[in-house]
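The values are calculated or read from the model by the stated rules, or taken from the named source; none is laboratory data. Because the structure is a prediction, the values reported are computed rather than measured. We place every Cβ from the backbone using ideal geometry, glycine too, and count neighbours over all the protein chains shown. These area figures cover heavy atoms from the full protein model, side chains too; ligands, DNA and RNA do not enter into them. Shrake-Rupley method; radii C 1.70, N 1.55, O 1.52, S 1.80 Å.
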Amino acid sequence: VYYRTDAQGIVQHVGPGVRRVLGYEPHEIEGRTAESYYPQSKDRDAFKAAIMEHGEVSDFPGQMVRRDGTVIDISISSHALYDHAGNFAGVEGIYRDVTQRKNLERELQRLATTDMLTGIANRRAFLECAESAYAHSRSNGEPLTLLMLDLDHFKTLNDTRGHEVGDMLLRQVAQRLKTCVRREDTVARLGGDEFVVMLSDLSVHRDEAAAQARRVGEK
């Protein structure tokens, strides 16, 4: 969709492609602020800041709301406009609906960070989270709490009852772990019968951590 706004962000012109992307007729958008179609003001603020700093943006991410209320992902490529005196006079450019691409990226990210058997975070996701938490812990001098778990006699269960039963047990353990920790805590499967829980409150006291470990063990 081609568009042009003035210095106040009022849409001066918008191309006919807006019918397909947002579901509006061009005349319904012209004369209104571009911000009216952003579900989150921070997206528009980030775009304006980038334009003012660099004079142009390419493939800048954001979201807009269609006439039917659907939120779509967009990619913006635009440049600033200036009057004869060199004053900022508006923005001109295009934006595209990239929802399908973004959904694919989100799905690929989910697959890359999710343990397919149990549905919880996998080793990769945990290591990324742990690295960030460790850096925060070091910089703030706060303790980092990790609970490491493995299942006793799991190999024997697999050998005697079969891998289907073993997989069912792993899924049940993962779900039980999720129910006995807080929403903000990280539960991950490292591999095999090994699980880990990272408590998000890095300042948690040793006694509190021990109590949480006991609750997990009882589950």
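Starting from 0.36 nm per residue, how many nanometres of slack lie between MET116 and HIS54 once their C-alpha separation is accounted for? Numbers along the way, then the final one.
On the way: separation 62, 0.36 × 62 = 22.32 nm, distance 4.26 nm.
My answer for the length gained is 18.1 nm.
Please compute the Kirkwood hydrodynamic radius of the stretch 140-186 from all pairs of different C-alpha atoms, in Å with one decimal. Walk me through the intermediate numbers first.
Working: mean 1/r = 0.0778 Å⁻¹.
Radius from the Kirkwood sum: 12.8 Å.
Once you keep just the Cα pairs under 8 angstrom separated by 6 or more residues, what percentage relative contact order results for the chain? Kindly include the intermediate steps, with their values, before the conclusion.
Values: 322 pairs, mean separation 31.6, N = 219.
Across the chain, relative contact order equals 14 percent.
Would you work out the Kirkwood radius for the chain? I mean one over the mean of 1/r across all pairs of different Cα atoms, in Å. Please list the in-between numbers first.
On the way: mean 1/r = 0.0465 Å⁻¹.
Radius from the Kirkwood sum: 21.5 Å.
Give the peptides 128-136, 32-40 in descending order of average Cβ contacts within 10 Å, highest first.
Numbers: 128-136: 13.3, 32-40: 15.7.
Answer by packing, highest mean first, reads 32-40, 128-136.
Limiting things to C-alpha atoms, what are the Rg and the maximum Cα-Cα separation (Dmax) for the stretch 150-219, in angstroms?
13.6, 43
List the residues, sorted by chain then number, that are 5 or more residues from VAL98 or on another chain and whose placed amide H is less than 5 Å from its amide H.
Amide H to amide H, under 5 Å and 5 or more residues apart or across chains, VAL98 pairs with ASP73, ILE74, SER75.
Name the residue from ILE29, ALA85, GLY69 whose Cα lies farthest towards the positive end of the charge dipole of the chain, charges +1 on Cβ of Lys and Arg and -1 on Cβ of Asp and Glu.
GLY69
Taking 0.36 nm per residue of separation and subtracting the Cα-Cα distance, what length does fully extending ARG183 through GLU164 add? Walk me through the numbers on the way to the answer.
Details: separation 19, 0.36 × 19 = 6.84 nm, distance 2.89 nm.
Here the answer is 4.0 nm.
If you build the convex hull over the alpha carbons only and average its shadow over all orientations, what do you get for the stretch 32-152? Give it in nm² to one decimal. Don't jump to the answer; show the numbers that get you there.
Numbers: hull surface 50.5 nm².
Average of the hull's projected areas for the stretch 32-152 equals 12.6 nm².
Counting each DSSP H run of 4 or more residues in the chain as -39500 (n - 2.57), what helix-only mean residue ellipticity at 222 nm follows after dividing by all residues, to the nearest 500 deg cm²/dmol?
Details: 8 runs with 93 residues, N = 219.
Helices in the chain give a 222 nm mean residue ellipticity of -13000 deg cm²/dmol.
Just read off the accessible area of LYS155 with the full protein assembly in place, 1.4 Å probe, to the nearest 10 Å².
Rounded to the nearest 10, that gives 140 Å².
Of the accessible area of the stretch 4-50, with the probe set at 1.4 angstrom, what percent is carbon plus sulfur?
Values: 1140 of 2450 Å².
Solvent-exposed carbon and sulfur of the stretch 4-50 make up 46 percent of the total.
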